[in-house]
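Every number in this text was worked out from the coordinates using simple rules, so none of it is lab data. Predicted, not measured: the structure shown is a model, and the values here were computed from it. No Cβ is skipped: glycine too gets one built from the backbone with ideal geometry, and neighbour counts run over all protein chains shown.
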Amino acid sequence: MSPRRSQPKRGGKSTFAVPGDLAAPDGFAAMSTDWLEWLSAHNYSHMTLVDHSYWLARFAAWAELRGVHRPADVTLAVLEAYQRHVSLQRKPDGSPLSWSTQARALVALRAFFSWCRRTKRLLSNPAAELVMPRQSHKLPGTTLNHDEAEAVLAVPDAATVIGLRDRAVLELLYATGMRRGELVGLDLADIDLARRWLTLRVTKTRWDRVVPMGERAAAWLVRYLAAPGPTWCVTKPSRRCSWLPTASGSGRRGSPARSTATWRPPGPARPAVATCSGTQPPP
C-alpha cells in the first residue's frame, strides 16, 4: 500500500505521513515528524523532505507488518532484509527498480537513523554499516542528430501564441541544457538579452549559475516577448513568469490566478526590445 500524503502545503507537494501513533514519542510517526521539522529548520529543500518522508513511510509500513514498531527495534539485519525487498520490487513493465531509485530508498533511512543517533534518540545507528548499492554511470543510449533536433524544434506552430511560447521554451532548453524546473523558475529579471545570458536561481543543486542561451534562442525569446497577444502570469513579489499566456483580467478574485499579477510587454516599446538587445527576431 502506498503511503498517504499529509496535509498538502500550498504551492508544492506535501510530505507523506509515516504510519504509527503520534502519541508514542519513540514510534516512527513521532520521530519522523521531529526529523522532518529538523530538516526544514536546517534549510533542506522541500522536495528532499517529500522524498525522505515517502521512503521512510514505506519502510515503516513494511517494518510494521513484520512486528517492528519502533526505530529502536530496527537492526542491521532488518535493514538488509528491507534492502533485499526493495531490490526485488518491479515496475509495472516488469523491470526492476533502477539502482538510483534503490539507493534513494536507503539514503533516506541512513539519514534518519544517523539523526536519531546524533540527537540521542537511539543508542546506536543500525544503518551505519549498511552497504549501499553500487550505481552505474552510463552515457545516454540514444541522442538526436542535428536533423532530428531541428524537426522537434519545428513542431510548434509559431503562428500562434501557444506555438510561439512552445518554440521559445524548446529553443531555450536545447540551447542551455537547463532542467525543466529551472525553466519554470526563471524570472524576467534573470533574462539578460543584451549579453544573451540566463541566471538560473531555482536549481536542483541550489547553486545559482549563469548560462549562455545563444543568438538563436535569444531571438525566439525576443519574438515571444514582443508577440501582440500573450499576457504573462507573474507571481508576486519575484515577478516569476509562468510561461502561460492568460486571458486579460485573469487575476480577478475567484480565478485560479487570483494570487498573481499580470504583466504585458508595453506595445510602443516592443520594437525597442530586440534593437537594444542586439538580437533580431527570427522571420
Quick one: give the max-minus-min coordinate of the C-alpha atoms of the range 58-167 along each principal axis, largest first, in Å. 65, 28, 25
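Averaged across orientations, what area in nm² does the convex hull of the alpha carbons in the range 1-136 project?
On the way: hull surface 36.1 nm².
Over every viewing direction, the Cα hull of the range 1-136 projects on average to 9.0 nm².
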FRET efficiency, W197 to S100 (Cβ-Cβ, R0 30 Å, nearest 0.05): 0.40
What's the FRET efficiency of Y44 with D93 using the Cβ-Cβ distance as r and R₀ = 25 Å, to the nearest 0.05? 0.15
For the range 166-180 and the range 77-125, write down the distance between their C-alpha centroids in whole Å. 35 Å
